[in-house]
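S.K.: Pasting a structure here, questions to come.
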Amino acid sequence: MKTLAAIAVASLLVSASVAWAQNDRIGSIEVTNVWAPATGSSPTNSAVYMSLADRGAKSDELVDASSPVAQKVELHVFNVGKGDVYGMRRVSGIEITPGSAVTVLRPGGAHIMLESLKRPLRAGTTFPLTLTFQRAGQLQIEVRVESPQAIVANATWPPR
């Protein structure tokens, strides 16, 4: 009986991980590994991270994003200022080059900033996010919320 229960639990875990491995696609743009860190009970801001690949022949650009969970959503990159002072700045787009290169939005790099959250982001939940690409158009995806420790595991430091 214990073996049967273990097999059932393992099957559920494999099914869940396969569901999260699902790719979203619009035109030649493929979006994978979409996640955001969970927040505390009184959050103000958070971020969304993902991998973007352009499987076509012409480059595209992520130019906007929106979500009902935040009052404002912006595209950001980390930059290094004078004296190795790190900061974020808003950008008008994030280029996605065609071919085999993958553009990764991750902690310490480019990301989608969620400002003035309307509710906390709880680990294990999802929320909608609409991405707008210059060529491919709009794609609505689901963002999975991970534990805050995922930031450390996925960070690029120092920022690039």
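Each value in this text was obtained by applying a stated rule to the coordinates, not by laboratory testing. These numbers were taken from a predicted model, which means no experiment stands behind them. We place every Cβ from the backbone using ideal geometry, glycine too, and count neighbours over all the protein chains shown.
S.K.: Anything in region 36-54 that is buried (at least 17 other Cβ atoms within 10 Å of the Cβ) and within 10 Å of R106 (Cβ to Cβ)? List them, or say none. Show your work before the answer.
M.R.: Within region 36-54, the first condition is being buried (at least 17 other Cβ atoms within 10 Å of the Cβ), and the residues that meet it are 36-39, 43, 46-50, 52-54.
If the condition is that a residue be buried (at least 17 other Cβ atoms within 10 Å of the Cβ) and within 10 Å of R106 (Cβ to Cβ), then A47, Y49, M50 are the ones that fit.
S.K.: Here's something else I'd like to know. If a residue must be outside any strand (DSSP E or B), touching a residue at least 40 places away in the same chain (Cβ under 8 Å) and either surrounded by 14 or more Cβ atoms within 10 Å (Cβ to Cβ) or touching a Gly at 6+ places or on another chain (Cβ under 6 Å) (or both), how many such residues does region 102-147 contain?
M.R.: Taking region 102-147 as the starting set, the residues that turn out to be outside any strand (DSSP E or B) are 106-110, 118-125, 134-136, 147.
Filter again for touching a residue at least 40 places away in the same chain (Cβ under 8 Å), leaving 106-109, 118-123, 134-136, 147.
With the extra rule that they be either surrounded by 14 or more Cβ atoms within 10 Å (Cβ to Cβ) or touching a Gly at 6+ places or on another chain (Cβ under 6 Å) (or both), the set shrinks to 106-109, 120-121, 123, 134-136.
Going through region 102-147 one residue at a time, the tally reaches 10.
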